[in-house]
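Chemist: The structure that follows is given in the form of structure tokens.
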Amino acid sequence: MANTIRLTVAQALVKFLNNQYVEFDGRECRAFEGIFGIFGHGNVVGLGQALEEDSGHLIMRMGRNEQGMAHTAMGFAKQRRRKQMYACTSSVGPGAMNMVTAAATATANCIPVLFLPGDTYADRQPDPVLQQMEQPDSLSITANDAFRAVCKYFDRVTRPEILMTACINAMRVLTDPADTGAVCIALPQDVEGEAWDFPEYFFQKRVHHIDRVAPSQRAINEAVELIKRKQKPLMIFGGGVKYSEAEDTFKAFAEKYQIPFGETQAGKGIISWEHPLNLGGIGETGGPAANELGKEADLVIGIGTRYTDFTTSSKWLYQNPEVDFLNINVSKFHAYKLDGLQVVGDAKVALEMLDKSLEAAGYKGTSSEYQAKVKDARKRHDEELDRLFHADYTGDDYVPEVKDDLDFKKLVRDFKEAHGNTFTQVRALGILDEFLLGNNGIVVGASGSIPGDLQRAWRTKACGGYHVEYGFSCMGYEVNAAYGVKLAEPNREVYALVGDAAYMMLHSELPATIQEGVKINVILFDNNTNGCINNLEVGHGQGSYGTEFRFRNNSGLNGGFVPVDFAMNARSYGCKAYTVKNAEEFKAALEDAAKQTVSTLIDVKVLPKTMVHGYGDWWRVGVAQVSKSDKIHKVYEDLMKPNYDAARKY
């Protein structure tokens, strides 16, 4: 008979989390650093009581918004390369529902986060309890069932003993490199407080080993034969390389065989931009070098990438009629994409095996002619970055294709009237890029035009200095995740790059950084516009409809721009804040912000439509086939049909 410990379900859960460890390459660490929580009636006297009584090593951090705190947890786990994480607890109802978006963000990006929402009563005695969502066709459904669609594992603890299998399965998924993401264990309010005699072995130290899975030699042999037949290979550096900690192996492989590589959003930031084979971002938000070589490549070697539509430019970018795909991925699901040759295994082990077999087969690498082409493309790429970041653009000189457009001229006049300046976003990015050269800082982004700007033009400095969530492109991730990144790397300066729309949508954990004494820096680009989507609609024949922040007049939302003092907002929380309208003010603010010990916000007023624009890319969107507008009809005829017909259809 096993020895037992009598605990409530909540107390047992806390004790269990305290005893979970992760081991990778012989390095062992605690699986959970802590728990983010916002307490309500559904969790405060259950999980809250357990944490107050004996939290063990777990750090309890107060959230301000459930989605925001969960983004913080995701930012932490992503920056720790999925080896350590936080749990997030909320009350039942709105609190739990606020976390659903964050759970989707974590799952889309394959980042482990444990969600512990309160739930309605298992015994149903007080139904309908406060905040209960009643479903007439099934009383077993609660609002928390919404997590099922966005989590990699979902469970509900309707009896105390269920906690054990729920927790073990949660850890199975949270530590699975091929299938990790959000995990939800819903906790009915009555069951949280129920006591049970848990066996002692449930609380023993458990080490969850993240093993490096080797691909089959058969797959490696097929990959060797494919590579030997090709003349213009191009590798894609995906997030799987980062989480495998395989960057040195990847770099050595690229150098040995002189194969260039492009970066996805998840992969970018590990290998320096100075590496001569690094062509920068690839795809819809890619740069000139990677996209140029991508169109000509006869072999694309995707390593640790999910091949999202932005990485493939809606399956249009890789246009060589002879192109084949070689997919190295620990996930069989992702390895099957684009009808590629599947090498299912850990990125580091797979590359080492592939290298050994290529060498044995006598493969010497790419030709000198191809290497010269790569070098030339990279040279022109660097020249373009210098042009972007150092040209002193002003006013309507910035975008050649719209500078004579009457609507754009009006936009410039209205922005000058609201803010009195024409500072451009790309110039501001160039100043920040130069400021961080040789710096150990980390940039964080997620939504709007900023991720595109960063992937196209940002020059990676220190390893791990680039943290962009673009699997879900979740507005509001930026500021909150920057807090998590800072918790993960407390000795580095962290810069959240965020647009005005995303900041207004969610920056809840900025005051939490003041409470915790954890400094982050927010660079807020205020252009009075949902600029990325405004570009999308205007570029596809529409007007600026519902994407500019203007006052309402008799004919709609087309009055003057609505000015917002974001610096004043940040000061109200206790941050050091600045408003800047030109290059000199921005440089001075960056210098002063670096000296501060509290979180800072720099409110940068930038002219709309002055982001980095595309380089030989295409993105399929659902343009109207029938319209009263000749512009929209022309876009459909000229853009959609030929590009879609050229796209690979698998």
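The values are calculated or read from the model by the stated rules, or taken from the named source; none is laboratory data. Please read all numbers here as calculations on a predicted model, not as lab measurements. Note that we place each Cβ from the backbone using ideal geometry, even for glycine, and neighbour counts take in every protein chain shown. Quick note on the areas: whole protein, heavy atoms, side chains included, nothing else; ligands and nucleic acids left out. Shrake-Rupley method; radii C 1.70, N 1.55, O 1.52, S 1.80 Å.
Chemist: From the residues in region 552-561 that are free of Cβ contacts under 8 Å to residues at least 60 places away in the same chain and in contact with a Phe, Trp or Tyr (Cβ under 8 Å, 6 or more places away or on another chain), which one is nearest to Arg427 (Cα to Cα)?
Modeler: Across region 552-561, the extreme among qualifying residues is Gly559.
Chemist: Give the residues of region 474-494 that are of a type outside the set (A, V, I, L, M, F, W, C) and either open to solvent by less than 10 Å² (accessible area, probe 1.4 Å) or touching an Asp or Glu at 6+ places or on another chain (Cβ under 8 Å) (or both), sorted by residue number.
Modeler: The answer is Gly476, Tyr477, Glu478, Asn480, Tyr483, Gly484.
Chemist: For region 583-617: of the residues being of a type in the set (Ser, Thr, Tyr) and buried (at least 18 other Cβ atoms within 10 Å of the Cβ), which is modelled with the lowest pLDDT?
Modeler: Filtering first and then ranking leaves Thr610.
Chemist: If we scan region 500-523, do we find a residue that is free of Cβ contacts under 8 Å to residues at least 12 places away in the same chain, among the acidic types (Asp, Glu) and open to solvent by 10 Å² or more (accessible area, probe 1.4 Å)?
Modeler: Within region 500-523, not a single residue is free of Cβ contacts under 8 Å to residues at least 12 places away in the same chain, among the acidic types (Asp, Glu) and open to solvent by 10 Å² or more (accessible area, probe 1.4 Å).
Chemist: Scan region 109-127 for residues that are closer than 18 Å to Lys242 by Cβ and open to solvent by 20 Å² or more (accessible area, probe 1.4 Å) and report the count.
Modeler: The total comes to 2.
Chemist: Shifting gears a bit: Name the single residue that is nearest to the chain's Cα centre (by Cα) among those in region 52-65 being without any contact (Cβ under 8 Å) to a residue 60 or more places away in the chain and either in a loop (DSSP other than H, G, I, E, B) or surrounded by 24 or more Cβ atoms within 10 Å (Cβ to Cβ) (or both).
Modeler: Among residues in region 52-65 that are without any contact (Cβ under 8 Å) to a residue 60 or more places away in the chain and either in a loop (DSSP other than H, G, I, E, B) or surrounded by 24 or more Cβ atoms within 10 Å (Cβ to Cβ) (or both), the one nearest to the chain's Cα centre (by Cα) is Leu58.
Chemist: While we're on this one: Scan region 514-531 and give yes if some residue there is farther than 22 Å from Arg456 by Cα and among the small types (Gly, Ala, Ser), otherwise no.
Modeler: Yes, because at least one residue in region 514-531 is farther than 22 Å from Arg456 by Cα and among the small types (Gly, Ala, Ser).
Chemist: Consider Ala372 carefully, then state whether it is among the small types (Gly, Ala, Ser), at pLDDT 85 or above, exposed (fewer than 13 other Cβ atoms within 10 Å of the Cβ) and in a helix (DSSP H, G or I).
Modeler: When the stated conditions are applied, Ala372 passes them.
Chemist: Taking only pairs six or more apart or across chains, which ones have beta-carbon atoms under 8 Å, a first residue in region 527-542 that is open to solvent by 30 Å² or more (accessible area, probe 1.4 Å), and a second residue that is among the polar types (S, T, N, Q)?
Modeler: Qualifying pairs under 8 Å: Asn530/Thr547; Cys532/Ser447; Cys532/Ser449; Ile533/Thr547; Asn535/Ser449; Val538/Ser544; Gln542/Ser629.
Chemist: Still on this model: Would you confirm whether or not region 388-408 contains a residue that is surrounded by fewer than 12 Cβ atoms within 10 Å (Cβ to Cβ) and either under 19 Å from Gln231 (Cβ atoms) or at pLDDT 85 or above (or both)?
Modeler: There is no residue in region 388-408 that is surrounded by fewer than 12 Cβ atoms within 10 Å (Cβ to Cβ) and either under 19 Å from Gln231 (Cβ atoms) or at pLDDT 85 or above (or both).
Chemist: Scan region 3-31 and report the pairs whose first residue is farther than 21 Å from Met60 by Cβ and whose second residue is of a type in the set (D, E, K, R) and assigned to a helix (DSSP H, G or I), with Cβ atoms within less than 9 Å and a gap of 6+ or a chain change.
Modeler: These pairs meet every condition: Asn3/Glu200; Thr4/Glu200; Ile5/Lys15; Ile5/Glu200.
Chemist: With respect to Leu351, determine if the residue is of a type in the set (A, V, I, L, M), open to solvent by less than 20 Å² (accessible area, probe 1.4 Å) and assigned to a loop (DSSP other than H, G, I, E, B).
Modeler: no
Chemist: Regarding Gly68, is this residue touching a residue at least 40 places away in the same chain (Cβ under 8 Å) and assigned to a helix (DSSP H, G or I)?
Modeler: Yes: the conditions hold for Gly68.
Chemist: If you don't mind, another one. Step by step: first the residues of region 460-473, then only those that are of a type in the set (A, V, I, L, M, F, W, C) and either modelled with pLDDT under 95 or farther than 25 Å from Gly287 by Cα (or both), then the one that is surrounded by the most Cβ atoms within 10 Å (Cβ to Cβ). Which residue is that?
Modeler: Result: Phe472.
Chemist: Do you know which residues across region 32-49 are crowded, with 23+ Cβ neighbours inside 10 Å, hydrophobic (A, V, I, L, M, F, W, C) and not in a strand (DSSP E or B)?
Modeler: Once the filter is applied, which keeps residues that are crowded, with 23+ Cβ neighbours inside 10 Å, hydrophobic (A, V, I, L, M, F, W, C) and not in a strand (DSSP E or B), region 32-49 yields only Leu47.
Chemist: From the residues in region 543-553 that are more than 12 Å from Ala501 (Cα to Cα) and open to solvent by 40 Å² or more (accessible area, probe 1.4 Å), which one is nearest to the chain's Cα centre (by Cα)?
Modeler: In this case the residue turns out to be Gly546.
Chemist: Scan (1) open to solvent by less than 20 Å² (accessible area, probe 1.4 Å); (2) in a helix (DSSP H, G or I) for the single condition Gln11 breaks and write down its number.
Modeler: (1) is the only condition that Gln11 fails.
Chemist: Taking region 184-238 as the region of interest, how many residues are among the charged types (D, E, K, R), part of a helix (DSSP H, G or I) and closer than 24 Å to Glu263 by Cβ?
Modeler: The total comes to 0.
Chemist: Could you look through region 126-144, keep only residues that are in contact (Cβ under 8 Å) with a residue 40 or more places away in the chain and out of contact with any Pro (no Cβ under 7 Å at 6 or more places or on another chain), and pick out the one that is nearest to Asn65 (Cα to Cα)?
Modeler: Here the answer is Ala143.
Chemist: Sticking with this one: What do you reckon, is Val92 at pLDDT below 95 and crowded, with 19+ Cβ neighbours inside 10 Å?
Modeler: So Val92 fits the description; yes.
Chemist: Now for a different question. Take Gly556 and decide whether it is open to solvent by less than 50 Å² (accessible area, probe 1.4 Å) and out of contact with any helix residue (DSSP H, G or I) (no Cβ under 7 Å at 6 or more places or on another chain).
Modeler: Taking the combined requirement at face value, the residue satisfies it.
Chemist: Please verify whether Leu497 is surrounded by 24 or more Cβ atoms within 10 Å (Cβ to Cβ), of a type outside the set (Phe, Trp, Tyr) and over 17 Å from the mean Cα position of the chain (by Cα), treating the condition exactly as stated.
Modeler: Considered against the rule, which asks whether it is surrounded by 24 or more Cβ atoms within 10 Å (Cβ to Cβ), of a type outside the set (Phe, Trp, Tyr) and over 17 Å from the mean Cα position of the chain (by Cα), Leu497 comes out as no.
Chemist: Determine, yes or no, whether Lys242 is out of contact with any strand residue (DSSP E or B) (no Cβ under 7 Å at 6 or more places or on another chain) and surrounded by fewer than 24 Cβ atoms within 10 Å (Cβ to Cβ).
Modeler: Spelling it out, it is not the case that Lys242 is out of contact with any strand residue (DSSP E or B) (no Cβ under 7 Å at 6 or more places or on another chain) and surrounded by fewer than 24 Cβ atoms within 10 Å (Cβ to Cβ).
Chemist: Which residue pairs have Cβ atoms under 7 Å apart, sit 6 or more places apart or on different chains, and have a first residue in region 610-635 that is free of Cβ contacts under 8 Å to residues at least 12 places away in the same chain and assigned to a loop (DSSP other than H, G, I, E, B) and a second that is surrounded by 15 or more Cβ atoms within 10 Å (Cβ to Cβ) and not hydrophobic (A, V, I, L, M, F, W, C)?
Modeler: As it stands, the answer is Gln625/Tyr636, since those pairs meet every condition given.
Chemist: Could you check Gly239 against (1) in contact with a helix residue (DSSP H, G or I) (Cβ under 7 Å, 6 or more places away or on another chain); (2) under 25 Å from His275 (Cα atoms); (3) not β-branched (Val, Ile, Thr) and say which number it fails?
Modeler: (1)
Chemist: May I pose another question? Does Pro215 count as open to solvent by less than 50 Å² (accessible area, probe 1.4 Å), closer than 20 Å to Cys110 by Cβ and more than 20 Å from the chain's Cα centre (by Cα)?
Modeler: Spelling it out, Pro215 is indeed open to solvent by less than 50 Å² (accessible area, probe 1.4 Å), closer than 20 Å to Cys110 by Cβ and more than 20 Å from the chain's Cα centre (by Cα).
Chemist: Can you tell me which residue is nearest to Val498 (Cα to Cα) among those in region 571-593 that are small (Gly, Ala, Ser) and in contact with a helix residue (DSSP H, G or I) (Cβ under 7 Å, 6 or more places away or on another chain)?
Modeler: Ranking the candidates gives Ala577 first.
Chemist: Could you give me the residue pairs with C-beta distances under 6 Å whose first residue belongs to region 71-87 and is within 14 Å of Gly471 (Cβ to Cβ), whose second residue is part of a helix (DSSP H, G or I) and open to solvent by 10 Å² or more (accessible area, probe 1.4 Å) wherever it lies, and which are 6+ apart or on separate chains?
Modeler: Every condition considered, the pairs that remain are Arg82/Tyr243.
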